[in-house]
Amino acid sequence: MEDAVRKALMYDFYGPLLTARQQDIYEMYYGQDMSLGEIAEQLEISRQAVWDNLKRSAVILDEYEQKLGLIARHMAQQALLTQVESCLSELKRLIETQGAADLVHVIREIEQLLHRIRFDA
């Protein structure tokens, strides 16, 4: 997964668990694309303090993901949902072209994928 996407997901899932100050700095840097110097100037702190805060926040977010695994679960569910969409497209194609003879197999596959989304992923 691309680093920027991972950082955005980390913040989406675990950002509220950071302190208000950590959230502000993280959002300014990653969300608003502000430089360390711009953030430091706005918050009247050193660039090093901004950098330390960002690094500490990244470690905290990584620890939450390691313990809770919400992003990994989310990504697994998204992959399964893509498979469900594919099965539904195949089901639609079969209905349109062949009638109902081969539909039971595709329906069972969809049921299995939905079960995995609910209970495994």
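I'd like to know if segment 83-106 contains one or more residues that are outside any loop (DSSP other than H, G, I, E, B) and under 19 Å from LEU17 (Cβ atoms).
Taking segment 83-106 and keeping what is outside any loop (DSSP other than H, G, I, E, B), we get 83-98, 103-106.
Checking the rest, the ones that are also under 19 Å from LEU17 (Cβ atoms) come to none.
Within segment 83-106, not a single residue is outside any loop (DSSP other than H, G, I, E, B) and under 19 Å from LEU17 (Cβ atoms).
The rows are residues; the columns are (1) surrounded by fewer than 17 Cβ atoms within 10 Å (Cβ to Cβ); (2) at pLDDT 95 or above; (3) among the hydrophobic types (A, V, I, L, M, F, W, C); (4) out of contact with any His (no Cβ under 7 Å at 6 or more places or on another chain).
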position	(1), (2), (3), (4)
TYR26	no, yes, no, yes
TRP51	yes, yes, yes, yes
LEU81	yes, no, yes, yes
ASP102	yes, no, no, yes
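State yes or no: is SER35 surrounded by fewer than 15 Cβ atoms within 10 Å (Cβ to Cβ) and among the polar types (S, T, N, Q)?
When the stated conditions are applied, SER35 passes them.
Which residues, counting only those in segment 30-64, are aromatic (Phe, Trp, Tyr) and more than 24 Å from MET75 (Cβ to Cβ)?
Passing the criteria: only TRP51.
The values are calculated or read from the model by the stated rules, or taken from the named source; none is laboratory data. Because the structure is predicted, anything quoted here is derived from the model rather than measured. Heads up, the Cβs are rebuilt from the backbone with ideal geometry, glycines too, and the neighbour counts pull from every protein chain shown.
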